[in-house]
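Each remark here refers to the structure printed beneath this line.
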Amino acid sequence: MNPDRRAFLVAAGAAGLVAIAPLRARGAPEAVRLVAATARVPLVGGAYPETAMWAYNGTVPGPELRFRQGERARIEVENRLPEPTTVHWHGLRVPNAMDGVPGVTQPPIAPGERFVYEFDLPDAGTFWYHPHANSPGQVGRGLAGAFIVEETAPVAADRDVTWVLSDFRLNADAAVVEDFGNPFDASHAGRIGNTVTLNGRVPDAFAVRAGERIRLRLVNAGNARVFALAFEGHAPWVVALDGHPVDPHPPEDGRVVLGPGMRADLVLDMTGTPAGRYGVFDGFYRNRTYRLVDLAYGADAARAAARQDPPARLPDNPVPEPDLARAQRHVIELGGGMMDPRMMRAMREGGGMAAMSAMRERMQRGHVWSLNGVSVAGHAHAPLLTLKRGSSHVIEIVNDTAWHHPMHLHGMTFRIIARNGQPPRRRVLADTALLDPGERVAIAFVAEPGTWMFHCHILEHQESGMMGAIEVG
Ligand code: C2O
Ligand code: CU
Ligand code: CU
């Protein structure tokens, strides 16, 4: 790993406790305002200079938007960036016209212009928002924020905390490295940064109190980094994934795995000792485990013994249930990238040279990845699938590449019904499914009207061909 990040993590000691100051944007019907503009942000802290970034309302991440389930959100976005933008409400089931896809669901918001988004909030949970125009460059410069929809009946926890996890590529002066869109990132794992942030700061410690029960909402807002979090000395419960309730369970293999775009809600009981410090480690990439942040206990004794009982299941959201018996079946095959297995097979069988030069030619045009053999640029293109509204569908996503891909579907929350042909251990609703190299994942959903993007949430993959549209008429 780049040595810079270690320097940043060490330097951050001086920055002290992680500040969490969400804007409580409760209260439809007046509009919440989001202004996207350049800003200087003390991302690294310590002796490092502030970082010139792009930000919503001057902060990275942007303000935490909070509504209550059943409310109507009205959000006015003003673009003061030097280029067009849009805002996409990731995971929220909004009408297609509010989905924020430039050239498909709306014209891009030009510099100096505004756009008002307005939609109902049928689902409670942890969601987020980010631009959908030049996503690698705009998210990679800081534009992203949490979007929380609270359940109507409150959930038993002493605190409700959000950690927006992100990952930036900075130089030694803490400035954003402007190598967006380079072919190496595009054809490998994406723009993995050297500076991991928690709520927009290189974190040092997160202050906790012995005995408290925290609802911890995790959002992976990074361009490309996958997180796999382990909580030293603690036993979290996973209570929701991508905003939707699951039966509370300990994380599989003790790690909470979050691809870009994904969320998890945890219930974390503070069973540690007063004045203790416990690490939260991210160990997704082999041999690159690092200490993300410490849970730092105050000196006070617990007022009561920490709870350890499983939390109650959160109430289900009204997501339509696909009819699996009648569902239409589709396959979407992910292809391309470095060490392309198809290429390797062609090499073995002889025709390698032709395949190789065809690949080089595609890559030079920025078409690194493909869905069902088609590699597109931009958002508007012939649909991958055309479906009838109200009908049920199963898509088998086949990862015929050597890389991980968090595949995200707009507008239609899906059920994950199989991995490599095996039913999952528990019922999971999601908007993003992380596929390992070679893996197959089957998702099922009910088609909602509109033109919906289906893409890899590694933004450099999305931008270089790993995106398609699903049209529902
Ligand atoms: Cu969060 Cu189309 O993306
Ligand atoms: Cu989305
Ligand atoms: Cu990908």
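The values are calculated or read from the model by the stated rules, or taken from the named source; none is laboratory data. Keep in mind that what you see is a predicted model, and the values were worked out from it rather than measured. Cβ sites come from the backbone with ideal geometry, for glycine too, and all protein chains shown count toward neighbours.
Remarks
- Cross-chain or 6+ apart pairs with Cβ under 9 Å, region 122-133 first and at pLDDT 95 or above, then of a type in the set (Asp, Glu) and within 9 Å of ligand 2 (Cβ to nearest atom): Phe127/Asp431; His132/Asp99
- Residues in region 419-436 that are farther than 17 Å from Asp247 by Cβ and of a type in the set (D, E, K, R): Arg419, Asp431, Asp436.
- Residue check for Arg114: more than 23 Å from the chain's Cα centre (by Cα) and farther than 26 Å from Ala380 by Cα: no
- Set side by side, the residues Ala157, Ala172, Ala153, Ala133 differ, and just one is more than 16 Å from ligand 1 (Cβ to nearest atom), touching a strand residue (DSSP E or B) at 6+ places or on another chain (Cβ under 8 Å) and either assigned to a loop (DSSP other than H, G, I, E, B) or more than 25 Å from Val238 (Cβ to Cβ) (or both), which is Ala157.
- Scan of region 451-467 for residues that are of a type outside the set (Phe, Trp, Tyr) and away from ligand 3 (no atom under 13 Å from the Cβ), ordered by number: Thr451, Met453
- Note on region 361-389: residues that are modelled with pLDDT of 75 or more, of a type outside the set (A, V, I, L, M, F, W, C) and closer than 15 Å to Gly465 by Cβ total 8.
- Of the strands (runs of 3 or more DSSP E) that lie entirely inside region 296-410, those containing 1 or more residues that are within 16 Å of ligand 1 (Cβ to nearest atom) and among the aromatic types (Phe, Trp, Tyr) span 369-371.
- Residue in region 107-122 that is within 27 Å of Val446 (Cα to Cα) and buried (at least 22 other Cβ atoms within 10 Å of the Cβ) present: yes
- One residue alone among Asp431, Asp436 is under 26 Å from Tyr285 (Cα atoms), of a type in the set (D, E, K, R) and either surrounded by 24 or more Cβ atoms within 10 Å (Cβ to Cβ) or touching a helix residue (DSSP H, G or I) at 6+ places or on another chain (Cβ under 9 Å) (or both), and that residue is Asp431.
- Condition check for Ala146: within 16 Å of ligand 3 (Cβ to nearest atom), closer than 22 Å to Phe454 by Cα and either in contact (Cβ under 8 Å) with a residue 60 or more places away in the chain or in a strand (DSSP E or B) (or both): no
- Here Pro95 meets the list (1) within 16 Å of ligand 2 (Cβ to nearest atom); (2) surrounded by 17 or more Cβ atoms within 10 Å (Cβ to Cβ) almost entirely, failing just condition (2).
- Among the residues of region 368-405, those that are of a type outside the set (Phe, Trp, Tyr) and touching a helix residue (DSSP H, G or I) at 6+ places or on another chain (Cβ under 9 Å) comprise Val368, Ser370, Ser375, Asp400, Thr401, Ala402, His405.
- Considering the conditions (1) farther than 20 Å from Met466 by Cα; (2) free of Cβ contacts under 8 Å to residues at least 60 places away in the same chain; (3) over 22 Å from the mean Cα position of the chain (by Cα), Ser392 is excluded by exactly one of them, (2).
- Filter result for the condition that a residue is within 16 Å of ligand 2 (Cβ to nearest atom) and at positive phi, over Gly411, Gly373, Gly438, Gly421: Gly411
- Subset of region 219-255 (residues that are assigned to a strand (DSSP E or B), without any contact (Cβ under 8 Å) to a residue 60 or more places away in the chain and surrounded by fewer than 23 Cβ atoms within 10 Å (Cβ to Cβ)): Ala228, Ala230, Val238
- Set side by side, the residues Val104, Val77 differ, and just one is buried (at least 18 other Cβ atoms within 10 Å of the Cβ), in a strand (DSSP E or B) and more than 16 Å from ligand 3 (Cβ to nearest atom), which is Val77.
- Every pair of residues 6+ apart whose Cβ atoms lie under 8 Å, when the first sits in region 290-312 and is in contact (Cβ under 8 Å) with a residue 60 or more places away in the chain while the second is among the acidic types (Asp, Glu) and assigned to a strand (DSSP E or B): Tyr290/Asp282; Leu292/Asp282; Ala306/Asp269; Arg307/Asp269; Gln308/Asp269
- Cβ-Cβ under 8 Å pairs, at least 6 apart or on other chains, region 162-173 side farther than 16 Å from Val293 by Cα, far side of a type in the set (Ser, Thr, Tyr): Phe168/Thr51; Phe168/Thr195; Phe168/Thr197; Arg169/Thr195; Leu170/Thr51; Leu170/Thr195; Asp173/Tyr48
One line per residue, one yes/no per condition, for (1) acidic (Asp, Glu); (2) free of Cβ contacts under 8 Å to residues at least 12 places away in the same chain; (3) within 16 Å of ligand 2 (Cβ to nearest atom):
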{"residue": "Met53", "(1), (2), (3)": "no, no, no"}
{"residue": "Gly58", "(1), (2), (3)": "no, no, no"}
{"residue": "Glu64", "(1), (2), (3)": "yes, no, no"}
{"residue": "Arg72", "(1), (2), (3)": "no, no, no"}
{"residue": "Glu76", "(1), (2), (3)": "yes, no, no"}
{"residue": "Arg80", "(1), (2), (3)": "no, no, no"}
{"residue": "Gly91", "(1), (2), (3)": "no, no, yes"}
{"residue": "Val116", "(1), (2), (3)": "no, no, no"}
{"residue": "Arg141", "(1), (2), (3)": "no, no, no"}
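- Against the list (1) in contact with a strand residue (DSSP E or B) (Cβ under 7 Å, 6 or more places away or on another chain); (2) at pLDDT 80 or above, the condition Arg342 fails is (2).
- Listed by first and then second residue, the pairs linking a residue in region 448-469 that is in a loop (DSSP other than H, G, I, E, B) to a residue that is within 13 Å of ligand 2 (Cβ to nearest atom) and modelled with pLDDT under 95, with Cβ atoms under 8 Å apart and 6 or more places separating them unless they lie on different chains, form an empty list.
- The single condition among (1) at pLDDT 95 or above; (2) surrounded by fewer than 21 Cβ atoms within 10 Å (Cβ to Cβ); (3) within 15 Å of ligand 3 (Cβ to nearest atom) that His330 does not meet is (3).
- The lone exception for Leu92 - which of (1) of a type in the set (A, V, I, L, M); (2) touching a Ser or Thr at 6+ places or on another chain (Cβ under 7 Å); (3) within 23 Å of Pro383 (Cα to Cα) it fails: (2)
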